[in-house]
Amino acid sequence: MSPAGVLKADDQAHAARTMWNLLHAWWRMMPGEMRTLANADAAIRQAREDIDFLAVLPAQAAQAVLRTYFQAWKNCWDGRADAPNFKGRLRTVMSVDIPQGRDLNITRVHRRWGMVNIPKVGRVRFRWTKDLPVGKHAGVNNRITGARLIKDILGWHIAFRVHTLQSRSEPHQGPDIGIDMGITVPITLSNGETYKHREWLTGKEKARLLHLEQRAARRKRHRKPGERTSRRLHRTYDQIAGLRAKAKRRTLDWQHQTTTAIARTYGTVVVEALTITNMIKSAKGTTTEPGKNVAQKSGLNRSINGQAWGRTVTMLTYKTAQLGGTLHKVPAPGTSQRCSACGFTTPGSRESQAVFACKRDDCGWSGNADHNAARNVLHLYRMGLVLIPAAGRAVVRRAKRVKPAIAR
């Protein structure tokens, strides 16, 4: 997007946020019987006439803000979300909705790039990452119904809404697999296969990030109490956020590729039911009872957050469902301490973070600790110890024992 187009998109995003705040103020001011969709529509039309800078927002985008605001209240009344509130300038994600797909006029330039028409912005080039139903590939049941512009620290991005019919997937006939998630090795399967990744930032990028963080600390230290943040410090913060956003993108790309490969290969995926919020609690303690090994626990918490185990499980959940497979969760306690060969937990068997060696005299199995935990996860599923959600809590469902048939 050209610099002029960026400014136009920024103006539209600020106008959309202002429109939301005006709607919220109108909602709080009006009595209950006056809070109707028709009255709100008349109010935003009058606001677009009275306030000049709201005119940069296309009329269809303003209507999309109105529908989104009313849907937010419906979600609140149904108990799915909190009540809508005012949107601040700094803490709100800048976005503009394009509800009409016919206004986009999408054309493909070549394999990697396409062109799209943004109302009141013009023709914009975008990266073609997925197939879109345009031209002869479009139809009644396969078409683009709209788009949404979203801005982050790396710039403006566009996400298309596609209406399509998806056939029901046949049951996946792949094998069962257990997964153990770790820090050194992010994903270990029960068959011994592992999925690793490189550092999210290169050596130069890490050095650059450290330099920027030190610069921000120096400039913040010299700022007087109550003094506004300087533009130089804001610029440094933006550069830091840009590097972190780049690392997050690489993380998401690796997670998507890895979870897609697992969902395509295996029919049943079994993971541990981890309570990650409890695992990353701080060890600082209180003033009267200070914690121990606080620095080590903080480093462990950062490593757990960096691997994003919960997001990996979420991706596996919907991808296995789309491909005809299933995902199950089993109880997590004891999976890393129990021997997967004999089934006993013997003190001292977990020799290190990476090595497991059973101390029972009649067993003596040894191997990778993560591989051992993944085998235990799969074994719990085959025993029927599967966690199912019930009334906001997890209960264990045990498989019923079936008596073997006696041949007569």
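Since every read-out is calculated from the coordinates, none of them should be taken as a lab result. Bear in mind the structure is a predicted one, so any value in this text is a computation, not a measurement. As a convention, Cβ positions derive from the backbone with ideal geometry for all residues, glycine included, and neighbour counts pool all protein chains shown.
Things to note:
- In degrees, nearest ten, helix 3-29 long axis to first principal axis of the chain (Cα): 90 degrees
- Dipole magnitude (debye, nearest 20) for the stretch 1-165, charges at Cβ of Lys, Arg, Asp, Glu: 800 debye
- Positive minus negative residues near Lys246 (Lys, Arg vs Asp, Glu; Cβ under 14 Å): +3
- Principal-axis analysis of the Cα atoms of the chain puts helix 231-265 at an angle of about 50° to the longest axis.
- Cα pair distances of the stretch 1-107 binned at 10 Å [whole percent]: 13, 43, 33, 10, 1
- Angle of helix 37-50 to the longest C-alpha principal axis of the chain, folded into 0 to 90 degrees and rounded to 10: 50°.
- Ignoring aspartates and glutamates fewer than eight residues from Lys359 along the same chain, the ones with Cα atoms less than 15 angstrom from its Cα are Glu351.
- In terms of packing, defined here as the mean over residues of other Cβ atoms within 10 angstrom, the peptides 21-29, 269-277, 223-231 line up highest first as 269-277, 21-29, 223-231.
- Neighbour-limited loop hits for chymotrypsin sites (Phe, Trp or Tyr not before Pro), the stretch 83-178 (at most 12 other Cβ within 10 Å; DSSP other than H, G, I, E, B): Phe86
- Among the cysteines of the chain, those whose beta-carbon sits 4.7 Å or more from every other cysteine beta-carbon are Cys76.
- The aspartates and glutamates within cross-link reach of Lys329, meaning a Cα-to-Cα straight distance under 16 Å and a gap of 8 or more places when in the same chain, are Asp176, Asp180, Glu272.
- Listed residue pairs exceeding 24 Å between alpha carbons, taken from Lys224/Lys297; Lys87/Lys281; Lys130/Lys246; Lys204/Lys292: Lys224/Lys297; Lys87/Lys281; Lys204/Lys292
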